[in-house]
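For reference, the structure is listed below as structure tokens.
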Amino acid sequence: MVETQEVIKYPLDDYLRTERLPHIWCPGCGIGMALQALLWSIKELHEQGVIDRKKVCFFTGIGCTARASGFVKFDAIHALHGRAIPVATGAKLGNPSLIPIVFSGDGDIAAIGGNHLLHAARRNFDILVVMINNMTYALTGGQLAPTTPTGVRSTTTPRGNPENVMDTTKFVASLRPNFVARYSVTQPTILRTVFKKALPKRGFRFIEVMSTCTEIFGRHTGFRDPYELYSRLKKICKIKKISSIDEIKYDWENEITCGTFIDKDDPSFLDMYFKMYKPRGMVYGES
Amino acid sequence: MRVEFISGNEASAEGAMTAGLKVYVGYPITPSSDLFEYLSEKLPERGGIVFQGEDEIASINALVGAALAGAKAMTATSGPGLSLMAEGIGLACMVEAPLVIVDVMRAGPSTGIATHVGQGDIMQSRWLSHGPYNLVAFAPFSAQEAFDYTVKAFNVAVRLRLPVILLSDATIAHTRERVVIKESGEIEVEDFKRPTVPPEKYRFYDPDPRDLVPPMAFLGEGYYIHAESLSHDERGYYDTRPSVYRRLVERLVKKVERNKKSIVASKSYYTDDAEILFVAFGSVARSTLALVRDLREQGIKAGLFRPISIWPLDDEKLIEASKRAKKVVVVELNQGQLVEVIEDALWHHQRYDVEVLSLPMILSETPSPDEILDEINSKGWKLW
Ligand SMILES: Cc1ncc(C[n+]2csc(CCOP(=O)(O)OP(=O)(O)O)c2C)c(N)n1
């Protein structure tokens with residue numbers, strides 16, 4: 001018989017700044033689902049002794065997604081809009097034993113931060129980048145993102161988006177870093193295993209997570225009901241094995257191709273730097 | 001201790017290594033690139049990493065990450081690159097990341113003349129980023145000072161947890177001179193100010209009331225620090241309350257004032273009886289000093305006040321140097337920037353009796369003493 005009411009502890013409480021909850025995300029928002037999957041993967045890796053959670057650092061830019069750094073109980077830098085990747089890069093150079101995770105929005109990483117993304121991927125630099133793609137600039141109220149589907153309305157394209165859309169995963173895959181994957185918040189269990197796979201690896205790892213933003217994106221596209229938007233994403237996010245990156249599609253009407261498109265273990269930037277320059281007294285060992 | 005015949009840029013690089021530089025991130029730009037190249041050769045064997053960013057925005061942001069990971073971090077650039085660092089400098093101030101930026105001034109505006117000198121970044125070095133903040137800038141006038149003040153720049157950066165700018169110029173950067181290079185132990189090298197409480201009690205922005213500077217835990221040590229670019233409380237938690245904002249930003253501005261005594265630096269020459277006080281810094285101060293000596297030989301009571309810390313200014317020494325002066329002439333390679341700072345300081349100390357004359361020279365080369373004299377004569381001032 002239970003005599004006193006115990007405070008129920010959520011298994012991820014140790015990984016959250018619970019005193020800062022509730023978070024800012026709207027009902028129907030998918031960011032929390034992606035973050036949850038990521039936290040589970042860190043917890044499992046930590047408990048299995050694969051990584052030390054003390055070494056995990058979150059780097060975020062500015063945006064709804066980027067606010068995640070304030071809710072997680074890890075070392076974190078909430079940096080400038082678009083600059084989470086260079087901040088993470090510098091931190092890794094400053095202490096190669098850190099495990100940097102960049103967790104930010106599609107506008108932050110693919111638009112204003114696009115140049116940093118390109119070069120971090122090209123260098124195969126040792127960080128994990130998780131890009132939450134809600135197809136809009138959510139925090140600022142629904143302006144056009146490079147990931148907004150062509151034809152779709154935004155507050156800055158009121159008659160529809162006249163631009164070609166950016167398939168960030170396909171773009172990053174063309175730069176051949178060690179790990180490239182895209183999944184959706186409608187595939188939470190898979191997300192967890194994919195994060196778990198990518199986190200302990202060396203080199204550049206990119207995971208795009210298709211997400212739902214009912215309040216902002218949904219408002220302009222006729223998906224005000226979270227269930228409707230979730231179902232639409234579930235329908236078009238198709239997991240496939242591909243033989244060439246040309247087969248990756250980003251088509252809001254029919255198919256956003258999901259899957260793990262690159263998973264290899266080429267020498268990373270730091271592997272190469274340490275081998276060629278041998279910085280005195282420093283080691284880049286197993287993470 | 002050893003003596004070498006090196007350029008100002010190389011001397012800065014040596015100073016940084018003496019200070020314990022661990023991460024250099026840069027993007028090539030004349031006239032700073034040879035500093036980058038020098039470190040690319042030397043830093044790894046001294047236990048550091050050199051990295052070329054994709055642009056200056058990447059450089060400055062990477063320094064913030066490196067600094068908060070506990071590495072002494074530096075970049076070097078010139079006007080166009082410094083302009084790109086605007087937002088990142090504000091970030092460094094806000095998250096209180098200690099780092100050093102060497103700005104080798106060249107002729108502007110815009111791309112200007114890459115290989116020629118300028119002194120147009122005085123205001124830029126202080127007011128570049130938006131909003132209220134504060135930082136420190138030193139201007140060396142020789143290769144030796146480039147070494148000494150790079151070491152000092154690191155000391156001040158880690159002591160105050162802020163970015164420090166070394167305002168060098170193309171002439172100083174590329175003039176080879178004798179430099180005494182000291183190692184840590186032979187010259188004062190300060191370490192980061194570290195937490196004195198266990199992780200549960202530690203707060204990333206909890207200032208030491210004496211100097212207003214919060215001790216610094218590094219990323220990866222188990223303190224679970226939260227560095228925040230938004231307005232924040234002592235834990236680093238975003239807070240929009242005006243009282244929290246005010247407490248934070250006032251401290252960021254005041255910590256330089258509070259510690260001013262240990263920062264300011266200047267040099268006065270022939271000022272005891274000087275009736276005409278020249279003020280100049282960097283390479284222009286060398287020509288101005290030569291001019292002052294020429295004038296002295298002619299029996300004219302001229303002197304020179306040379307600020308080394310531009311931000312903050314060593315105003316007490318300026319007041320002392322100007323005690324007998326009736327006229328103050330500010331010589332600089334721009335449209336008149338330092339003069340504003342000098343005038344401001346004199347007025348602040350109620351020295352309304354001195355006449356401040358601005359001698360801005362829009363030249364892309366360091367003027368000779370004769371050229372400065374010609375410029376003075378062309379103004380028709382009755383100085384002597
Ligand atoms: C330099 C700069 N430009 C613009 C902004 C305004 N801004 C804040 S967040 C944001 C876009 C956010 O979109 P995204 O990165 O996709 O994140 P989301 O909110 O959708 O998660 C913009 C433009 C800013 N903070 N800084």
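Relative contact order of chain A: 18 percent, from C-alpha pairs under 8 Å at least 6 residues apart in sequence. On a per residue basis, the protein assembly as shown carries 39 Å² of accessible surface, using protein heavy atoms and a 1.4 Å probe.
Rg and Dmax of the range A:1-45, both derived from C-alpha coordinates alone, stand at 13.5, 39 Å.
Between B:Leu373 and B:Gln52, the C-beta separation translates, for a Förster distance of 51 Å, into a calculated FRET efficiency of about 0.70.
The mean number of partner chain beta-carbon atoms within 10 angstrom of a residue's beta-carbon across peptide B:47-59 is 6.
Ordering A:Val50, B:Val244, A:Val283 from largest to smallest accessible area (1.4 angstrom probe), what's the sequence? Don't skip to the end; give the middle numbers.
Numbers: A:Val50 60, B:Val244 5, A:Val283 125 Å².
Output order, biggest surface exposure first: A:Val283, A:Val50, B:Val244.
Each principal axis of the Cα atoms in the range A:1-101 has its own extent, and those three values, largest first, are 55, 35, 20 angstrom.
For the range B:174-246, the alpha carbon positions stretch 54, 30, 26 Å along the principal axes, listed from largest to smallest. With N counted as the residues of the range A:107-153, its alpha-carbon radius of gyration over 2.2 N^0.38 Å works out to 1.29. Annotation: average projected area of the range A:54-182 is 7.6 square nanometres, based on the convex hull of Cα atoms across all directions. What fraction of the DSSP beta bridges in the range B:267-379 is antiparallel, stated in percent and rounded to the nearest 5? In the range B:267-379, DSSP labels about 20 percent of beta bridges as antiparallel. Pairs from the table (B:Lys42/B:Lys182; A:Lys275/B:Lys22; B:Lys260/B:Lys327; B:Lys72/B:Lys152; B:Lys42/B:Lys261; A:Lys55/B:Lys22) lying more than 22 angstrom apart at Cα are B:Lys260/B:Lys327; B:Lys42/B:Lys261. Computed over the Cα atoms of the protein assembly as shown, the ratio of the radius of gyration to the Kirkwood radius (Rg/Rh) comes to 1.03.
Seen from every direction in turn and averaged, the convex hull around the alpha carbons of the range A:25-83 projects onto 4.2 nm².
So for the protein assembly as shown: antiparallel DSSP bridges make up what percent, rounded to the nearest 5? Walk me through the intermediate numbers first.
Working: 23 of 90 bridges.
Here the antiparallel bridges make up roughly 25 percent for the protein assembly as shown.
Along chain A, the exposed loop sites are GluC sites (Glu not before Pro) outside DSSP states H, G, I, E and B with at most 16 other Cβ atoms within 10 Å, and the longest stretch free of them is A:7-162. Rolled with a 1.4 Å probe across the full set of protein chains, the surface gives B:Arg235 an accessible area near 100 Å². GNM on chain A, alpha-carbon springs under 10 angstrom: the most fluctuating residue among A:Gln48, A:Gln187, A:Gln143 is A:Gln48. Measuring r between the beta carbons of A:Asp271 and B:Phe5 and using R0 = 45 Å, the FRET efficiency lands at 0.70. How would you classify chain A from its alpha-carbon gyration tensor, with a ≥ b ≥ c the square roots of the eigenvalues: rounded for a/c under 1.5, else prolate if a/b is greater than b/c, otherwise oblate? It is oblate, given that a/c is not under 1.5 and a/b is not larger than b/c.
Kindly express, to the nearest 10 degrees and within the range 0 to 90, the angle between helix B:8-18's C-alpha long axis and the longest C-alpha principal axis of chain B. Long axis of B:8-18 versus the principal axis of chain B: about 30 degrees.
Within the shell of other residues whose beta carbon sits under 10 angstrom from the beta carbon of B:Gly79, the net charge comes to -1, with Lys and Arg scored +1 and Asp and Glu -1. Between the helical axis of B:338-348 and the longest alpha-carbon principal axis of chain B there is an angle of about 90 degrees. Once R0 is set to 41 Å, what does the formula 1/(1 + (r/R0)^6) return for the Cβ-Cβ distance between B:Glu183 and B:Asp206, expressed as a FRET efficiency to the nearest 0.05? Taking R0 as 41 Å, the efficiency between B:Glu183 and B:Asp206 is 0.75.
What is the dipole size for the range B:219-285, taken about its Cα centre, with +1 at each Lys and Arg Cβ and -1 at each Asp and Glu Cβ, in debye to the nearest 20?
Details: 11 positive and 10 negative charges, 53 e Å.
Here the size comes out at about 260 debye.
Defining a contact as two alpha carbons under 8 Å apart and six or more residues distant in sequence, what relative contact order in percent does the range B:1-263 show? RCO, the range B:1-263: 22 percent.
Tell me, in nm to one decimal, what length is gained between A:Glu253 and A:Val50 on full extension, where the rule is 0.36 nm per residue of separation less the Cα-Cα distance? Could the numbers behind the result be given before it?
Numbers: separation 203, 0.36 × 203 = 73.08 nm, distance 4.05 nm.
The A:Glu253-A:Val50 span can extend by a further 69.0 nm.
Semi-axes of the equivalent ellipsoid for chain B, computed as √(5λ) from the eigenvalues of its C-alpha gyration tensor and ordered from largest down, come to 36, 24, 18 Å.
Using the alpha-carbon positions of the range B:304-378, Rg (one decimal) and Dmax (whole number) come out as 12.6, 35 Å.
Loop-only check: which trypsin sites (Lys or Arg not before Pro) in the range A:1-88 are DSSP coil with at most 10 other Cβ within 10 angstrom? All intermediate terms of the calculation are to be shown ahead of the outcome.
Details: sites: A:Lys9, A:Arg17, A:Arg20, A:Lys43, A:Arg53, A:Lys54, A:Lys55, A:Arg67, A:Lys73, A:Arg83; in loops: A:Lys9, A:Arg17, A:Lys73, A:Arg83.
The qualifying sites are A:Lys9.
Under the definition of Cα pairs under 8 Å and six or more residues apart, what whole-number percent is the relative contact order of the range B:153-311? Computed value for the range B:153-311: 17 percent relative contact order. The apolar share of the surface of chain B, taken as the fraction of accessible area on carbon and sulfur atoms (1.4 Å probe, ligands and nucleic acids excluded), comes to 50 percent. For the protein assembly as shown, the Cβ-based charge dipole about the Cα centre amounts to some 1540 debye (Lys, Arg positive; Asp, Glu negative; other atoms uncharged).
Only protein heavy atoms count here; on that basis, with a 1.4 Å probe, A:Arg224 has an accessible area of about 120 Å².
With the simple model of a label 7 Å out from the Cα in the direction of the Cβ, B:Thr30 to B:Glu297 spans 3.5 nm. Cα axis of helix B:143-160 to longest principal axis of chain B: angle in degrees, 0 to 90, nearest 10? So the helix axis and the longest Cα principal axis differ by about 40 degrees.
The values are calculated or read from the model by the stated rules, or taken from the named source; none is laboratory data. Source: prediction; values computed, not measured. Methodologically, a virtual Cβ is constructed for each residue, glycine included, from the backbone with ideal geometry; neighbour enumeration extends over all protein chains shown. Side chains are part of the model used for accessible areas, which takes the heavy atoms of the whole protein and leaves out ligands, DNA and RNA. Shrake-Rupley method; radii C 1.70, N 1.55, O 1.52, S 1.80 Å.
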